[in-house]
Amino acid sequence: MEYWVIVGEGGGFEEVKSVKSGSSGAQTGGINKTTVRADDVTFTMGGDGNAKVFLCGEEAAPPDVFMLWGHYNEVFEGISRRLTAMGARSINDIDAKRVVCSKLSTALVLEQAGIPQAKTMLVTHATPAAVVVKNVGLPAVLKPSDGAQGAGVVLLHTEEAIAQYLSDLPACDGRAVLAQEYVAAAKGKDIRVTMIDYQVANVIQRVADNPDEFRSNVHLGGHIRDYELDADTVRLCEKIARVVGLRLCGIDLLETGEGYVVGEVNCTPGMAPAFLKSEKFKQMMHSLITG
Ligand SMILES: Nc1ncnc2c1ncn2[C@@H]1O[C@H](COP(=O)(O)OP(=O)(O)O)[C@@H](O)[C@H]1O
Ligand SMILES: [Mg+2]
């Protein structure tokens, strides 16, 4: 079985060699895995209807199954539609990926399903700071809807600071910014639940090492430790994975002191070696690709 992992922006493509210089391939349990950079995949469409796929300009047979690794973008969507139309199977549906790569769309979809979330508001440079304070309180978290790894996520303590932040936003550029109620009990901590085929595959807690840091992203300097979920929260995660429709995802939970709210859902969850080695995880990944 031919399996391609197509790595793009936000998926660590910088560490993947171009097909030109010999991409990494690995064979395990009947799966022939090829990791390629999104840049190396091109294809034709239209014309005589005989579509072709190319890896670095060389015609290639489409894989049986593929995974898009990184943030949603137009190129990923094209690759996904092209390969799917040729009979390849995508592990994560491209429309589901587009939704979770927008914190704005994710919040709306989860709200429809009655999933608990922090109060969130779409804001623009034209939003009065007083309205933000009235609706999400102080301090407030402001963040780009399409961000990752904690970049641009800020905690603002005063209405003046929010006013300044908002006035610096560009006009009508179509990039959503969200203001969110601060979950104080979760300061510097969150829980990452990795889901495979709508089941919990791994649970860790992420903890910021810097006591002044409210963001728990490992990229910003933090550590991970084991964590156990109660049965209700396991069911909550199963529901979230089904609602967003991703066979592989990472769900971030923030502890409020009275339960959990969903922080975000990630379609390219970090694969820490610590849990990659577990037999259960390996088996779940194997059936994800083959099933
Ligand atoms: N409303 C909030 N209350 C408390 N902590 C938050 C809140 N929003 C974000 N954080 C913290 O900041 C981190 C990064 O925010 P997140 O929304 O996950 O953006 P990113 O996609 O950049 O990771 C979270 O993992 C969490 O630790
Ligand atoms: Mg996050």
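The values are calculated or read from the model by the stated rules, or taken from the named source; none is laboratory data. This is a predicted model, so every value here is computed, not measured. Here Cβ is always computed from backbone atoms with ideal geometry, including for glycine, and neighbour counts include all displayed protein chains.
Overview of values
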item: All positions within region 266-291 that are under 21 Å from the mean Cα position of the chain (by Cα) and not in a helix (DSSP H, G or I); result: Asn266, Cys267, Thr268, Pro269, Gly270, Met271, Ala272
item: Answer from Gly152, Gly87, Gly137, Gly114 - the residue that is farther than 19 Å from Ala241 by Cβ and away from ligand 1 (no atom under 14 Å from the Cβ); result: Gly87
item: Strands (runs of 3 or more DSSP E) within region 80-181 that include 2 or more residues at pLDDT 95 or above, over 30 Å from Ala61 (Cα atoms) and in contact with a Pro (Cβ under 9 Å, 6 or more places away or on another chain); result: 154-156, 177-181
item: When residues of region 228-258 are limited to those that are within 14 Å of ligand 1 (Cβ to nearest atom) and part of a loop (DSSP other than H, G, I, E, B), the one modelled with the highest pLDDT; result: Thr256
item: Residue identified as in contact with a helix residue (DSSP H, G or I) (Cβ under 8 Å, 6 or more places away or on another chain) and of a type in the set (Gly, Ala, Ser) among Ala176, Ala171; result: Ala176
item: Filtered residues of region 182-198 (kept if touching a helix residue (DSSP H, G or I) at 6+ places or on another chain (Cβ under 6 Å) and either within 15 Å of ligand 2 (Cβ to nearest atom) or assigned to a strand (DSSP E or B) (or both)); result: Val193, Met195, Ile196
item: Single unsatisfied condition, Tyr198 versus (1) away from ligand 1 (no atom under 13 Å from the Cβ); (2) aromatic (Phe, Trp, Tyr); (3) touching a strand residue (DSSP E or B) at 6+ places or on another chain (Cβ under 8 Å); result: (3)
item: Unique match (being touching a Lys or Arg at 6+ places or on another chain (Cβ under 8 Å) and surrounded by fewer than 19 Cβ atoms within 10 Å (Cβ to Cβ)) among Asp209, Asp226, Asp230, Asp197; result: Asp197
item: Top-ranked residue of region 121-134 - restricted to ones that are touching a Leu at 6+ places or on another chain (Cβ under 9 Å) and within 15 Å of ligand 1 (Cβ to nearest atom), ranked as farthest from Ile251 (Cα to Cα); result: Val132
item: Counted residues, region 264-291 - those being farther than 20 Å from Gly11 by Cβ and within 16 Å of ligand 1 (Cβ to nearest atom); result: 0
item: Residue ID - modelled with the lowest pLDDT, chosen from residues in region 259-291 that are more than 16 Å from ligand 2 (Cβ to nearest atom) and among the small types (Gly, Ala, Ser); result: Ala274
